[in-house]
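Accompanying notes for the structure given below.
The values are calculated or read from the model by the stated rules, or taken from the named source; none is laboratory data. Not measured: the values here are computed from a predicted model. Glycine also receives a Cβ, built like all others from the backbone with ideal geometry; neighbour counts cover every protein chain displayed.
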Amino acid sequence: MPVSNLTLVERIARVLAGRELSINAEGEDPSAGPNVDEVWHEYTADALAILRTMREPDENMARAGDPEVWERMVLAALEPETSSATSF
């Protein structure tokens, strides 16, 4: 299984930025990559909010795997980010 060299928070923030900027989503930029590189950090708070929501698996997720492992993994993704971000 591949492992990303970007944090989960950064990946989510980049997706959010891309959705807003790219013509392939809700934006107008036909080549949004460079702009996403510049502004993704502005979406970090939204990414953290999404991850906080994901801490608790739903019933289907719990049936598919270990809910405690899921929670630990999401908390691990939040850990380096929460020390420098405002908590909700």
| Which pairs do you get when a residue that is in contact (Cβ under 8 Å) with a residue 60 or more places away in the chain, found in the stretch 6-35, comes within reach of a residue that is among the charged types (D, E, K, R) and not in a loop (DSSP other than H, G, I, E, B), reach meaning Cβ atoms under 7 angstrom, with the pair 6+ apart or on two chains? | VAL9/GLU81
| message | Among the residues that make up the stretch 55-68, is at least one of them under 10 Å from the mean Cα position of the chain (by Cα) and not small (Gly, Ala, Ser)? | response | no
| query | Does ARG52 fit the bill of being surrounded by 11 or more Cβ atoms within 10 Å (Cβ to Cβ), under 17 Å from PRO80 (Cα atoms) and under 11 Å from the mean Cα position of the chain (by Cα)? | reply | yes
| request: Identify all residues within the stretch 47-64 that are under 24 Å from LEU6 (Cα atoms) and either charged (D, E, K, R) or not in a helix (DSSP H, G or I) (or both); write none if there are none. | output: ARG52, ARG55, GLU56, PRO57
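Listed here are the residues, each with its yes/no results for (1) of a type in the set (Gly, Ala, Ser); (2) modelled with pLDDT under 95; (3) surrounded by 14 or more Cβ atoms within 10 Å (Cβ to Cβ).
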site	(1), (2), (3)
MET1	no, yes, no
ALA32	yes, yes, yes
GLU42	no, no, no
LEU48	no, no, yes
ASN60	no, no, no
ALA64	yes, no, no
GLU81	no, yes, yes
| request: Confirm whether LEU8 is hydrophobic (A, V, I, L, M, F, W, C), at pLDDT 95 or above and over 18 Å from GLU79 (Cβ atoms). | output: no
